[in-house]
Amino acid sequence: MFHKSIDVKFLEGTSLEVTFQNGIIKKYDMSLLFEKYPQLKALENRDLFLSGKLIGYYGIIWNDDLDIETETIYEEGETVHRECEVVCYASAHAVSSARAAAGLSQKQLSSLTGIDQSDISKIERGVSNPSVLTLDRIARALGGKLIISIDMAQTH
């Protein structure tokens, strides 16, 4: 499964941060690739490094010779923040509790929803940020309904 990247920030040196659609932000130092891909050493030029652009959801490009798939950053980078931490864990608890109450395994829920069992596992562990449509599919498959509310009682 490829993780969609939605933003990139260029940090000090040759480090960058990529925000993924699931709310996870990964930090990665491009210098880790210099030995394997010597052409990337050109990124030590600050102006060149800062000229990088996110292309589509799956890559960062600097020029015709320099690019990286954001999946590499997702797999090998350091997680520095999870934007969706509270929401992801609330969704995780809601899905796992409802599935347990229905007496279904993840595999059975996968069959009912058409959602891969591995994706259901990620949702239940709070490492995935499921869409509202995905949560609705799960709720309906479990014989329930999805209810979304915004609590205005809490202030920041």
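Readers should treat all values here as calculations from the given coordinates under stated rules, not as data from a laboratory. All figures in this text were calculated on a predicted structure; none of them were measured in a lab. Positions of Cβ are generated from backbone atoms using ideal geometry, with glycine treated the same way; all protein chains shown enter the neighbour counts.
Per-structure values
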read-out	value
Charge tally in the Cβ shell below 12 Å around residue 116, where Lys, Arg are +1 and Asp, Glu are -1, residue 116 excluded	+1
Residue-by-residue Karplus 3J(HN,Hα) for region 62-75, coefficients 6.51, -1.76, 1.60, Hz, glycine and proline x	10, 7, 4, 9, 10, 7, 8, 6, 5, 5, 4, 5, 4, 6
Net lengthening on full extension, residue 105/residue 35 (0.36 nm per residue, minus Cα-Cα)	20.6 nm
Estimated inter-spin distance, residue 97 and residue 136, nm [label 7 Å along Cα→Cβ]	2.3
In order through region 30-46: 3J(HN,Hα) via Karplus (6.51 cos²θ - 1.76 cosθ + 1.60), integer Hz, x for Gly, Pro	4, 5, 4, 9, 4, 5, 6, 10, x, 4, 5, 4, 4, 5, 5, 6, 4
FRET E, pair residue 145, residue 78, Förster distance 41 Å, beta-carbon r, rounded to 0.05	0.60
Sites residue 117 and residue 89, calculated FRET efficiency, Cβ-Cβ separation with R0 22 Å, nearest 0.05	0.65
Links that overshoot a 30 Å alpha carbon limit, given the list 36/122; 122/145; 9/145; 53/145	36/122; 9/145; 53/145
Restricting region 29-88 to GluC sites (Glu not before Pro) in coil, as DSSP defines it, with at most 11 other Cβ within 10 Å	35
Rounded Å value of the spacing that divides the Cα centres of region 1-52 and region 91-156	33
Candidate values (1) 14.5, 43; (2) 18.6, 59; (3) 19.4, 58, label of the one derived for Rg and Dmax of the Cα atoms in Å	(3)
Förster radius 41 Å - calculated FRET efficiency between residue 153 and residue 8 (Cβ-Cβ, nearest 0.05)	0.65
Amide H within-cut-off set for residue 115, under 5 Å, with H built and near neighbours excluded	none
